[in-house]
Amino acid sequence: MRRERVRVLADSGCTMLVLPQDLVERLGLELSGERIIVTCADERREERPVAGLVTVRTGDRSMQTDCVVGPPLSEPLLGQIVLERLDLLVDCREGKLGPRPESPYLPSLKMKGVRGAHRESVAVCTR
C-alpha cells in the first residue's frame, strides 16, 4: 500500500475527488476503464479517466472512493461526494475542514424513502 499526504482544495462545486495524473501514478492506482465528462470552472468540458480505489482520510474519518484523473500537476480537489460521506464542513475563514458540530464523532447521513416516489432498477456489483 502506498501513502502520500496531500493538500487538497475542498471544492463544494466539484462532485468527485480529483487527483492529478502524476499522483495517481505514484499511488499506483488502476484506471477503471470508465471515463466521464467533467465541466471545468471556466465551463470547458473534457473527457477524463476514472481511477481507484483510493482511501481518503481526514482526522479520524475515512472512506474509499474512485477519483477523476486530472491533468499532471493539477490541484487535487475534494468534492461533494467525500464531503457528504464523511459529513464534513468547510470553514473558509479558518481554511480548515472538520466534522459538522452535530456529528463530532461519527458521520451522520440521511436515509429516507419517499412513498410514491419513482423507483428504478439498478445493478449492484462488487469489484
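If you check 69, 122, 50, 54 for being of a type outside the set (D, E, K, R) and either within 15 Å of residue 11 (Cβ to Cβ) or without any contact (Cβ under 8 Å) to a residue 12 or more places away in the chain (or both), only one passes: 122.
Could you tell me whether residue 86 is more than 13 Å from residue 8 (Cα to Cα), surrounded by 11 or more Cβ atoms within 10 Å (Cβ to Cβ), in contact with a strand residue (DSSP E or B) (Cβ under 6 Å, 6 or more places away or on another chain) and not hydroxyl-bearing (Ser, Thr, Tyr)? Taking the combined requirement at face value, the residue satisfies it. Counting residues in region 56-77 that are out of contact with any Pro (no Cβ under 9 Å at 6 or more places or on another chain), loosely packed, with under 11 Cβ neighbours inside 10 Å and farther than 19 Å from residue 5 by Cβ gives zero.
The residue of region 3-39 that is farthest from residue 49 (Cα to Cα), among those that are touching a Cys at 6+ places or on another chain (Cβ under 7 Å) and in a strand (DSSP E or B), is 17. Exactly one residue out of 18, 6, 82, 68 is in contact with a Ser or Thr (Cβ under 7 Å, 6 or more places away or on another chain) and either under 26 Å from residue 99 (Cα atoms) or not acidic (Asp, Glu) (or both), and it is 82. Every test in (1) surrounded by fewer than 16 Cβ atoms within 10 Å (Cβ to Cβ); (2) in a strand (DSSP E or B); (3) not charged (D, E, K, R) is passed by residue 52 save one, and that test is (1).
Any read-out appearing in this document is the output of simple, stated calculations on the displayed coordinates, not a laboratory observation. Computed from a predicted structure; not experimentally measured. All Cβ positions, glycine included, derive from the backbone under ideal geometry; neighbour counts span all protein chains shown.
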